[in-house]
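Starting off with a structure, shown below.
Computed from the coordinates by the stated procedures, all read-outs in this text should not be read as laboratory data. All figures in this text were calculated on a predicted structure; none of them were measured in a lab. No Cβ is skipped: glycine too gets one built from the backbone with ideal geometry, and neighbour counts run over all protein chains shown.
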Amino acid sequence: MNIANLGQSGKLMPGRLAGKFDVKRKLGAGCFGEVYSAVNSETGQEVAVKLEDTQHHTAQLFFEAELLANVSKDGRPQGFSELFWVGKEGKHNCMVMEMLGRSLEDLNVQCGGRFNTKTTALIAEQVLMRIEFLHSKGYVHRDIKPENFLSGVQNRMHHIYLIDFGLSKKYWDRHGRHIAMRQRLNLTGTARYASINAHEGTEQSRRDDLEAISHMLVYFLRGKLPWSGLEARTKSEKYKKIMEKKREVPLEELCVGFPEAFQELLRYARDLQFVERPDYDLLQGLVRGVREQEGVKQDYEFQWLEQNASLLQVSLDSLAPLEKRSRLAQPDDVVTHERQPGDRRRKLMQCFCVGRGKENVESKSM
């Protein structure tokens, strides 16, 4: 990318990046950068370019690129964007990666602002697989929200990708230990979906990703969360009101009218201890139960694809199958804890059957 391709506003104009990626148009922007579409002039492949202004932001993009490289060391995993190039051009850090489709938030709007139970169960299945994989590599995401899950394109249109690792952090240190709990931290992530512990200023761990995922799934089912749209004079006051509302609303009331599995997912996440290894088998079992109840047989029975049945019908024969889930080793599997996943599973299923330093980054949105 030539400096001449930057306008007076500092916005990237169409040009060439890394000698072969022709930048076309802006796709979107966030607190930490902008995303553009581009085409590989050598192959014709459409790609995405993420830019970070080195003068205004910390170098989160390079951390994100390092994370993507680390999670792909043993082969490219499903649901994580392929990284093609990362480097610096002019006053920008740049990352070129696989082009993906629309976010779950955009697709939710397309479907009228709510997903049905069948679609939510299919989403939950893939989202839990993505976070289990990320956790197995020693990272927590720390900004779970619908905008950070994107659909694939073409023969992967039914795949769900986890993106935006700018706020992610290693929870398993280089000495082979879980990081220590710290208190009095600013909220990292998105207030609407963040865990209660994150609101309280506690260091985040795997439990917080799972609680945020549970909030997101309930949002898909309800269309709105009870703590959305609260009025406040300041951001800190609003965060406090959101936290208090999350504490106050009974889970039975929050999840009323929907399969009990979603309530149990949230209850399980909130009950986890800071260093406790989540039982991903248990969580997938709860979601699988919903899928069976709904009679879902195919992995592509999403609302947004069924709305475009002609496109789906043409693509059925060429769809790339989703990998079957296999239990992933977590960093602490070699460590014996007082509380074992099986103990929690027996207790929960019994209940169910009967009835680096980015800690002080403010949340990106509410």
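Mind listing the long-range amide H neighbours of Val47? Cut-off is under 5 Å, sequence gap 5 or more, other chains count too, H placed in the peptide plane at 1.01 Å from N.
Those qualifying (amide H under 5 Å, at least 5 residues apart or on another chain) are Ala38, Val39, Asn40.
Answer with one residue from Leu322, Gly229, Val86: the one whose Cα lies farthest towards the positive end of the charge dipole of the chain, charges on Cβ with Lys, Arg +1 and Asp, Glu -1.
Gly229
With the alpha-carbon atoms as the only input, what is the per residue convex hull volume for the stretch 19-98 in Å³?
Hull volume over Cα atoms, normalised by residue count, gives 100 Å³.
Give the Debye-formula value of log10 I(q)/I(0) at each listed q (0.16, 0.17, 0.23, 0.29 Å⁻¹), with one equal scatterer per alpha carbon of the stretch 120-162, two decimals each.
One equal scatterer on each Cα of the stretch 120-162 leads to -0.43, -0.48, -0.83, -1.11.
Based on Cβ point charges of +1 for Lys and Arg and -1 for Asp and Glu, what charge dipole magnitude is obtained for the chain about its Cα centre, in debye rounded to the nearest 20?
Roughly 680 debye, rounded to the nearest 20.
With no solvent and one equal point scatterer per Cα, compute the Debye intensity ratio I(q)/I(0) for the stretch 42-142 at 0.17 Å⁻¹ and report its log10, rounded to two decimals.
Treating every Cα as an identical point scatterer, log10 I(q)/I(0) equals -0.98.
With n ≥ 4 as the cut-off for DSSP H runs, can you work out [θ] at 222 nm for the chain, using -39500 (n - 2.57) per run divided by the number of residues, rounded to the nearest 500? Walk me through the numbers before you get to the answer.
On the way: 12 runs with 129 residues, N = 366.
Taking each H run of at least 4 residues, the total per residue is -10500 deg cm²/dmol.
How do Lys50, Lys246, Lys118 rank when sorted from fewest to most other Cβ atoms within 10 Å of their own Cβ? Numbers along the way, then the final one.
Numbers: Lys50 26, Lys246 21, Lys118 18.
Ascending number of Cβ neighbours within 10 Å: Lys118, Lys246, Lys50.
Averaged across orientations, what area in nm² does the convex hull of the alpha carbons in the stretch 140-198 project?
5.7
State log₁₀ I(q)/I(0) for the chain at q = 0.13, 0.15 Å⁻¹ as given by the Debye formula over alpha-carbon point scatterers of equal weight, solvent excluded.
The Cα Debye sum returns log10 ratios of -1.12, -1.48.
How big is the stretch 154-256 on each of its three principal axes, counting only the C-alpha atoms and giving the largest first in Å?
Principal-axis extents of the stretch 154-256 (Cα, largest first): 45, 43, 27 Å.
When only Cα pairs under 8 Å and 6 or more residues apart are kept, what is the percent relative contact order across the stretch 104-353?
Normalised by residue count, the contact order of the stretch 104-353 is 26 percent.
Output the relative contact order of the stretch 19-98, whole-number percent, from Cα pairs under 8 angstrom with separation of 6+ residues.
Reported relative contact order: 25 percent.
Taking H as built 1.01 Å from N, whose amide H comes closer than 5 Å to the amide H of Ser72, not counting residues under 5 places away?
Those lying under 5 Å, H to H, from Ser72: there are none.
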